[in-house]
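Inspection log for the structure reproduced underneath, given as structure tokens.
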Amino acid sequence: MSDNKLIKAIKEKGQTMEAEMSFFDHLEALRWHLVRAAIAIVIFTCAAFYFYDFIFGTIIMGPAKTSFWTYRMLCKLGDYLHRDGFCINKININLINTEMAGQFTLQINSALLIGITAGFPYLLWEIWRFIKPALHEKERKAASGFVIYASLLFILGIMFGYFVITPESINFLSSYTVSDKIQNLFSIDSYISSVATLTLATGVVFELPILVYVLSSLGILTQKFMRETRRYAVVVILIIAAVVTPTPDMLTMTIVSIPLFILYEVGILVAGVVEKRKKAREATL
């Protein structure tokens, strides 16, 4: 009996050690995936740092110029509709730096932000490579376009945030005053933070269909639930649009709300597709 107990204990210890080794092997694999993603981000950051004159003057400061693409399109829209007030002829932005090393840290931080943004699709690809071996064949096929769809949605969100939300917000906030005695002088950190937050936040929000796909696959979210809560989602979307765009006009709020409504409806369709695949899979078992 004692020999059997000893053999059983040795087997259990062996299984425990094997599980621990497997866990640490997975951690090691994840570490190398993250290291490769970090290297890619560093490369993009270095490239952004090298070409910073163009990036700062054309991309970062773009929404602060009346020649920006969005402002030109608004002016053309006003001409087409024969309405005044669409053209923006002046943007009241006076930027200052209040720290000794402010401009140097500004270049490093903004280059890093650009590096992370540019390297985000590669980061998703490395995460997919780590997760892929643990999935079954059907699951791999179902999620095969994860990196492409997630990257595409993120890029669309970035473009929408940069060309729509950011210029409208900057134009409004830079000209808003509570008193003529108060002069608007913005720190360069505040300006960069506003541009980055509005742009990146929109990129993250556009990942809603991917989030719906994951939650639906886990059985947490259903198409029926999303349809029943559509009216509440409309209220939440309008609140988000009001917060993201501090401009008081309904036109800007509507422009921001429309893509969010579309994303929600796409999420409903995605949830429906996931449920159909689940039912088909259960029927074959």
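Observations on the structure shown:
- Ranked from largest, the principal axis spans of the Cα set of the chain equal 93, 51, 31 Å.
- Which of Leu106, Ile258, Leu34, positive extreme of dipole for the chain (C-beta unit charges): Ile258
- Helix-only CD estimate at 222 nm, as mean residue ellipticity for the chain, using -39500 (n - 2.57) per DSSP H run (n ≥ 4): -25000 deg cm²/dmol
- Theoretical FRET efficiency, 1/(1+(r/R0)^6), r = Cβ-Cβ of Gln183 and Leu77, R0 30 Å, to 0.05: 0.40
- Contact order normalised by residue count of the chain, Cα under 8 Å, 6+ apart, percent: 20
- Each of Ser169, Ser217 was scored by other Cβ atoms within 10 Å of its Cβ. Listed from fewest to most, they are Ser217, Ser169.
- The dipole here belongs to the chain: it is taken about the Cα centre, uses +1 on the Cβ of Lys and Arg and -1 on the Cβ of Asp and Glu, and is about 960 debye.
- Listed from fewest to most Cβ neighbours within 10 Å, the set Lys276, Lys65 follows the order Lys276, Lys65.
- Nearest-20 debye value, segment 207-285 charge dipole, Cβ charges on Lys, Arg, Asp, Glu: 440
- Of all the options Val243, Val212, Val178, the one that moves most in a Gaussian network model of the chain with Cα springs shorter than 10 angstrom is Val178.
- Whole-Hz ³J(HN,Hα) from phi, Karplus 6.51 cos²θ - 1.76 cosθ + 1.60, for segment 112-126, glycine and proline x: 5, 4, 5, x, 5, 5, 5, x, 4, x, 5, 4, 4, 5, 5
- Placing pseudo-labels 7 Å out from each Cα toward the beta carbon at Tyr176 and Lys141 gives an inter-label distance of 5.2 nm.
- Candidates Thr58, Thr70, Thr177, ranked by Gaussian network fluctuation over the chain, Cα under 10 Å, top entry: Thr177
- Computed E for Ile91/Leu152 - FRET, C-beta separation, R0 30 angstrom, nearest 0.05: 0.45
- Ordering Trp69, Trp125 from the fewest to the most neighbouring beta carbons within 10 Å gives Trp69, Trp125.
- Legend note: in the chain, cysteines whose Cβ sits 4.7 Å or more from every other cysteine Cβ are Cys46.
Throughout, read-outs are computed from the coordinates displayed, never taken from laboratory work. A quick note: this is a predicted structure, and the numbers were derived from the prediction, not measured. So basically every Cβ, Gly included, is an ideal-geometry build from the backbone, and we count neighbours across all protein chains shown.
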